[in-house]
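The structure appears right after this line, and notes come after that.
No value in this document is a laboratory result; all are computed from the given coordinates. Nothing here was measured: the structure is a model prediction, and the numbers come from that model. We place every Cβ from the backbone using ideal geometry, glycine too, and count neighbours over all the protein chains shown.
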C-alpha cells in the first residue's frame, strides 16, 4: 500500500484578507500575508507528486500481486480509513479549528497539538492493542477465512502510526508550512517506493510485502515528524483544553462512521455479492476517477479550511463564496473530463488487459466527485455558524439512500452498479446538504453557470468517447482536441466575467514575471 494523499475533514478556520500586489483585486483572500495562489500551487504540485508517484507503482502491484490479493488490499485500505478516524477520536477537525480560534492566546495555541498528540499516543496504543487481539476474527469477518490474520495485524499496526503521522502533518498545515508539508509527504512516498520495489518486485512478497513496506515507512516518518513537532511546541499538556477538543471532536465520530459507509460501502457490497478480485478491478478505476478530487479539491481544501470564516464575515461573503464554488467546479470539471477521456490509455499502461474494464468506472466516479466538491463549499455554512450537528443528520439521510442504491444495483451489475450507486448517492448527498446549509448560512450560488459547466463537461466527454482508442495516435490527438475545447469555449463563450478575466490575466502576468526574474542572469 503506497500512501495516497490523505482524506481530510476540512474544518473552519480564520485568516486575514489583504490585496495581492501583482494585480489581484480586492476580494482576493490571502493567508498570513501570503497569496492563495502560492499555497494552492505548492499544495497542488505536492498533490500531483503524491498521486503520480503511487500511480507509477500500480503496474508493479497489478503484475506482482494477484487480482484476489489486490482486492484484499483495497478492502484493507478502506478499513484503515475508518480505524484511523476512530483512533484519532475526531480530533483532526478540532485541531485545525482550535488552532485558529486560539490565535490570540499564543501559549494555548502552541499547546494544542502537544496536548492532543500526547493523549492520542496513549489512548491510540491501548485501542490498537485491543484490536490486535481480535485480528483473526476481523480476517474471518472480512474475507471468510483466517488466512489473512497476519495482514490484518500489519494494517492495524500501520494504522496507529498513520494516525500519528496525520496529526503531525496537520500541525504543518495549520501553520501554513505548505512546503514542509509537501516535502514530508513526498519523502515518505519515495521511501515507500523503494521499499515496495525491494519487497514486492524484487523479493515477490506480494500482499505481505506491500503491508510490511507500509508499516516501515509510516512508522519511520511518524516518529520523525512527531520529534520535529514536539521540538517546536514543547510537551505542555492542558487538561481543560483536551476536554474542550474532545467535546468538539467526539460528536463527529458518528458522522465519520456514516461517512465511511457512504464513501466505502460499495467495496464491501462488491466483496459480499461478487469477489475480492472484482473489488480490485473496481478499486483501480475508482482511484483514477477520484483523481479530480486529489488534483483540485485537496489543495483547494487546505486553503479553504483556514479562510472561509473570514470570507463569510464580509459583507459580500455569500456572493464571494458562491463565485468560489463555481470556479472550484470549473477546475474539477476540467480534471474529470481529462481523466475520463484518457482513462482507457491510463488503464492500458498501468495494468494487464484483464483490468481493461476498470476504465468504464472512471467517468461515472468523476462526475460523482463533482457533487462532492460542491458540498465542500456548502459545508462552510455549518462550520462558520458552528452548527455541525446537522452533518450526522445529512449523512444518515444520504447513507440510507446510498445503501438502497448499493443493494439494488451491485448484486445485478457488479462494479458498474457500484459506480452508478456512488454517483446517485453523492448527488443525493449534495442536494440534502444544500437544503440544510442554505437555512443555516445562505450562499449565493451561481446555478446557471454551474449547470452550464456540468452540461459542457458531460457533452464533451460523450463527443470524445466516440473517438476510438484502438488507434493510439489518432485517438490521443482527437481526445486532446476535445479536452482543449473546454477552456476555449468557456473563454470565448462569455463564461468568465470581465473581473475574472482581469484577475487571471494579472495573476498569469505575475507568474511570468517571477519566472523571468528567476531565470534572468544576476
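Using C-alpha pairs below 8 Å separated by at least 6 residues, the relative contact order for the chain is 21 percent.
Can you tell me how the stretch 255-517 classifies by the Cα gyration tensor, rounded, prolate or oblate, using a/c under 1.5 as the rounded cut? It is oblate, given that a/c is not under 1.5 and a/b is not larger than b/c. Across the stretch 255-517, the relative contact order, built from alpha-carbon pairs under 8 Å that are at least six residues apart, equals 26 percent.
For the chain, what does -39500 (n - 2.57) per DSSP helix run (n ≥ 4), summed and divided by total residues, give at 222 nm, in deg cm²/dmol to the nearest 500? Show your work: numbers first, answer last.
Numbers: 20 runs with 401 residues, N = 522.
Computed ellipticity for the chain at 222 nm equals -26500 deg cm²/dmol.
Counting other Cβ atoms within 10 Å as a rough exposure proxy, the listed residues 508, 332 run 508, 332 from fewest neighbours to most. What residues from the stretch 60-79 fall in the zone where the backbone N is under 18 Å from a label point 7 Å along the Cα-to-C-beta line of residue 201? Zone members listed by number: 60-66.
Sorted fewest first by neighbouring Cβ atoms within 10 angstrom, 75, 509 come out as 509, 75. Between rounded, prolate and oblate, where does the chain land on the alpha carbon gyration tensor, with a ≥ b ≥ c its root eigenvalues, rounded for a/c under 1.5, else prolate if a/b exceeds b/c? In terms of gyration-tensor shape, rounded.
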